[in-house]
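Notes for the one structure printed next.
The values are calculated or read from the model by the stated rules, or taken from the named source; none is laboratory data. Values in this document were obtained by computation on a predicted structure and should not be read as measured data. Methodologically, a virtual Cβ is constructed for each residue, glycine included, from the backbone with ideal geometry; neighbour enumeration extends over all protein chains shown.
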Amino acid sequence: MADSIAARIQRVRDRMIAAAKRSGRDPRRITLIIVTKGVTNDRIREAVAAGATVFGENRVQEAVKKIGAIEGARCWHLIGHLQRNKVKQVVGVFDMIHSVDSPDLVRELDRQAGRAGVRQKVLIQVNTSREPGKHGVLPEGVEALVRETAARPHLILEGLMTIPPQTDDPEESRIFFRSLRQRADAFRQTGLSVHELSMGMSNDYEVAIEEGATLIRVGTAIFGTPRAERG
């Protein structure tokens, strides 16, 4: 029983609450997004039975199949890289898209959302660590992209997202989480509604919460290591 999916979810929630209390935050302001990349539908249904309602997927095709098959999930977030040729498949399907990182993608999302008659919630992904080859807009380009996104009639800018460098020490991620929060704080002072911070995964979500995360993306701590990606 100690190793069940329900027990793992509860363990994550307990640690979320503790991290929030350490930083003087309201735990109810933090949403656990359970990442289902490479996870079978039966195991996702176990998570639903344990009370989970918010899920995140990396790949569009895999996500669309799961969304149609899993009952009880309140909303789905797209947390992986989004190519422009897949935009039509995701607008109005996902509650929120975390990985917006270019003006071209913003324009295509706005265009397709307009065609679908919806307003799509999005986050701007920021490459806070400036790692070559990593998705996300560089810090010096964030303000322009935020302002362009906020001005689009069919998009709702909710906030920012980042993925720090891989490390065994969660404390090494703190500087990147803090920089994202400080950037969001600065935007809010100018009147921009940038209130969501998507940051923190299985190995560092507690540090992320201490630094202001409102959305954490946790998969491995609940389901274990995902199967090898295909193709």
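The table for this structure:
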quantity: Subset of region 131-164 [in contact (Cβ under 8 Å) with a residue 12 or more places away in the chain and among the acidic types (D, E)]; calculated: E131, E143, E148, E158
quantity: Residue count for region 118-130, restricted to those that are part of a loop (DSSP other than H, G, I, E, B) and touching a residue at least 12 places away in the same chain (Cβ under 8 Å); calculated: 5
quantity: Residues satisfying the stated conditions in region 18-47, i.e. closer than 13 Å to L215 by Cα and in contact (Cβ under 8 Å) with a residue 24 or more places away in the chain; calculated: A20, R29, I30, T31, L32, I33, I34, V35
quantity: Counted residues, region 45-72 - those being touching a strand residue (DSSP E or B) at 6+ places or on another chain (Cβ under 6 Å) and either under 13 Å from L32 (Cβ atoms) or surrounded by fewer than 18 Cβ atoms within 10 Å (Cβ to Cβ) (or both); calculated: 6
quantity: Flag for D3 being out of contact with any strand residue (DSSP E or B) (no Cβ under 9 Å at 6 or more places or on another chain), modelled with pLDDT under 95 and of a type in the set (D, E); calculated: yes
quantity: Residue match in region 184-191 (condition: buried (at least 16 other Cβ atoms within 10 Å of the Cβ) and in contact (Cβ under 8 Å) with a residue 12 or more places away in the chain); calculated: yes
quantity: Within region 205-226, tally of residues that are among the hydroxyl-bearing types (S, T, Y) and assigned to a helix (DSSP H, G or I); calculated: 2
quantity: Residues located in region 136-147, provided they are over 15 Å from Q182 (Cα atoms) and either among the aromatic types (F, W, Y) or surrounded by 17 or more Cβ atoms within 10 Å (Cβ to Cβ) (or both); calculated: G136, V137, L145
